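Colleague: Dumping the structure here so I can ask a few things about it.
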């Protein structure tokens, strides 16, 4: 999508290229919600094509979708925006499978998308909260590979948490 | 991709959004989880943001001691061992489940009516007290104790309850506390009073009953307040009975403790 030439404030478009060659054309105001891209734009100035060798197209697309929503919601000046963003964030993370969640988290971290990192880490934290050890293992498909007796010892050291 | 393939800093960030109890449980999950869940990066977040500032006011717990501890050890040390700060008149500790700040205002820092008249109140040193001196009531007609705490030193967005920490003498010098209630009150300076009327020595079927703290002292709740952002000035915790209709004797006061209410 290109912006209309009749508007007085023309939005600059950036081209982002993912590790698998997929490219995205994004408004600068959207892409610069990511700290890493903001830095590149400020440092390199005129460069319109930005290569991101550590993020593949699928996850870059999702990160940009999140940025776009937040950029759009924030252009409306009414106060309900925080609520809209919160609602939309909830929807965004609700049905993510763990594989996607971790890839997105890596991408958001690499791109310095602080708010998105907060959202995703909070989602993972909510999967740990209030759970028993066995439930945490089951949730994350983790095998305990402690040496015999070691687990019991650690349990004893942290006995307060099991009261 | 699995959670275990995330960089440890990332897992630590996630873990620091849980709570001490979740982190302790996580340390039993697997060796990787343990190394993250025990890390300083996580426990630093569970400690109050200004903990360095607070504990540096302690003379008996020097920086050379606590700076060499892991953050997790320091956390539990501060839960289990209240440290004395502020001229020896106040103690600081952490609430174990939440990491929020607990303070006890020692009797010496409480303003006690007639407290400097030995005929009425005496200052004694008890081996079972965290403070060098406690206040022992010989007798008074006018019973009044007020502790002031600045809300800015407390944890924010937290409901605190205040407790009178006391003992009653076991001999014939104990008098009055089973006969009349005293008025307990916790409020911000200059705001309306919400007064509780309680017996410090109730007969067994009368509520509320003072609770044994497990450290040789009893406590009774004086009231609660919500500390939003520490900008409410002083909170006043008081015990009063000033009708002068009865003589009071045999109360020993260690202090007034403020600690967060358990999340419901």
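The values are calculated or read from the model by the stated rules, or taken from the named source; none is laboratory data. The structure displayed is predicted, hence computed values, not measured ones. As a convention, Cβ positions derive from the backbone with ideal geometry for all residues, glycine included, and neighbour counts pool all protein chains shown.
Colleague: Would you call residue A:37 within 14 Å of chain B (Cβ to nearest Cβ), crowded, with 18+ Cβ neighbours inside 10 Å and more than 10 Å from the chain's Cα centre (by Cα)?
Modeller: On the way: within 14 Å of chain B (Cβ to nearest Cβ): no; crowded, with 18+ Cβ neighbours inside 10 Å: yes; more than 10 Å from the chain's Cα centre (by Cα): yes.
Against the criterion (within 14 Å of chain B (Cβ to nearest Cβ), crowded, with 18+ Cβ neighbours inside 10 Å and more than 10 Å from the chain's Cα centre (by Cα)), residue A:37 does not qualify.
Colleague: Any idea which residue in region B:208-242 is farthest from the chain's Cα centre (by Cα), counting only those that are without any contact (Cβ under 8 Å) to a residue 12 or more places away in the chain and over 15 Å from residue B:161 (Cβ atoms)?
Modeller: B:209
Colleague: Give the residue, chosen from A:84, A:117, A:93, that is at the interface with another protein chain (Cβ under 9 Å from one of its Cβ atoms) and either assigned to a helix (DSSP H, G or I) or touching a strand residue (DSSP E or B) at 6+ places or on another chain (Cβ under 7 Å) (or both).
Modeller: On the way: A:84 fails: at the interface with another protein chain (Cβ under 9 Å from one of its Cβ atoms); A:93 fails: at the interface with another protein chain (Cβ under 9 Å from one of its Cβ atoms).
On inspection, the qualifying residue turns out to be A:117.
Colleague: Might you check whether a residue that is assigned to a helix (DSSP H, G or I), over 23 Å from the mean Cα position of the chain (by Cα), at the interface with chain A (Cβ under 10 Å from one of its Cβ atoms) and at pLDDT 95 or above occurs anywhere in region B:41-49? First the steps, then the outcome.
Modeller: Our first condition is that a residue be assigned to a helix (DSSP H, G or I); within region B:41-49, this holds for B:41-46.
Right, trim to over 23 Å from the mean Cα position of the chain (by Cα) and you get B:41-42.
Now narrow it down to the ones that are at the interface with chain A (Cβ under 10 Å from one of its Cβ atoms): none.
Checking region B:41-49: not a single residue is assigned to a helix (DSSP H, G or I), over 23 Å from the mean Cα position of the chain (by Cα), at the interface with chain A (Cβ under 10 Å from one of its Cβ atoms) and at pLDDT 95 or above.
Colleague: Quick one: residue B:79 ticks every box in (1) surrounded by fewer than 16 Cβ atoms within 10 Å (Cβ to Cβ); (2) under 30 Å from residue B:236 (Cβ atoms); (3) within 11 Å of another protein chain (Cβ to nearest Cβ) bar one, so which box is it?
Modeller: (1)
Colleague: In addition: Every residue in region B:215-239 that is within 18 Å of residue B:134 (Cα to Cα) and surrounded by fewer than 17 Cβ atoms within 10 Å (Cβ to Cβ), please. If you could, list the steps in order and put the result at the bottom.
Modeller: At the first step, the residues of region B:215-239 found to be within 18 Å of residue B:134 (Cα to Cα) are B:215-220, B:237-239.
Within region B:215-239, B:215, B:216 meet the criteria.
Colleague: Among the residues of region B:107-129, write down those that are under 23 Å from residue B:214 (Cβ atoms) and either surrounded by fewer than 21 Cβ atoms within 10 Å (Cβ to Cβ) or at pLDDT below 95 (or both). Walk me through it before giving the result.
Modeller: Keep residues of region B:107-129 that are under 23 Å from residue B:214 (Cβ atoms), which gives B:107, B:110, B:124-129.
Those that are under 23 Å from residue B:214 (Cβ atoms) and either surrounded by fewer than 21 Cβ atoms within 10 Å (Cβ to Cβ) or at pLDDT below 95 (or both): B:124, B:125, B:126, B:127, B:128, B:129.
Colleague: Quick test for you: out of A:143, A:69, pick the one residue that is more than 13 Å from chain B (Cβ to nearest Cβ) and either assigned to a loop (DSSP other than H, G, I, E, B) or touching a helix residue (DSSP H, G or I) at 6+ places or on another chain (Cβ under 7 Å) (or both).
Modeller: Working: A:143 fails: more than 13 Å from chain B (Cβ to nearest Cβ).
After ruling out the rest, the residue left standing is A:69.
Colleague: Next up: Residues to consider are A:60, A:105; find the one that is under 16 Å from residue A:34 (Cβ atoms), facing chain B (nearest Cβ under 9 Å), crowded, with 20+ Cβ neighbours inside 10 Å and modelled with pLDDT of 95 or more. Write out each step before concluding.
Modeller: Working: A:60 fails: facing chain B (nearest Cβ under 9 Å).
Every option except A:105 fails the conditions.
Colleague: Would you pick out the residues in region B:170-192 that are within 22 Å of residue B:126 (Cα to Cα) and in contact with a strand residue (DSSP E or B) (Cβ under 7 Å, 6 or more places away or on another chain)? Write out each step before concluding.
Modeller: Kept after step one, since they are within 22 Å of residue B:126 (Cα to Cα), are these residues of region B:170-192: B:170-175, B:177.
Those that are within 22 Å of residue B:126 (Cα to Cα) and in contact with a strand residue (DSSP E or B) (Cβ under 7 Å, 6 or more places away or on another chain): B:173, B:174, B:175, B:177.
Colleague: Against the condition over 31 Å from the mean Cα position of the chain (by Cα) and at the interface with chain B (Cβ under 9 Å from one of its Cβ atoms), how does residue A:122 come out, does it pass?
Modeller: On the way: over 31 Å from the mean Cα position of the chain (by Cα): no; at the interface with chain B (Cβ under 9 Å from one of its Cβ atoms): yes.
Answer is no for this residue.
Colleague: Among the residues of region B:63-71, is any within 14 Å of chain A (Cβ to nearest Cβ) and either loosely packed, with under 14 Cβ neighbours inside 10 Å or at pLDDT 95 or above (or both)?
Modeller: Here is the first cut: in region B:63-71, the ones within 14 Å of chain A (Cβ to nearest Cβ) are B:70.
Within this subset, residues satisfying the condition of being either loosely packed, with under 14 Cβ neighbours inside 10 Å or at pLDDT 95 or above (or both) are B:70.
Among the residues of region B:63-71, at least one is within 14 Å of chain A (Cβ to nearest Cβ) and either loosely packed, with under 14 Cβ neighbours inside 10 Å or at pLDDT 95 or above (or both), which makes the answer yes.
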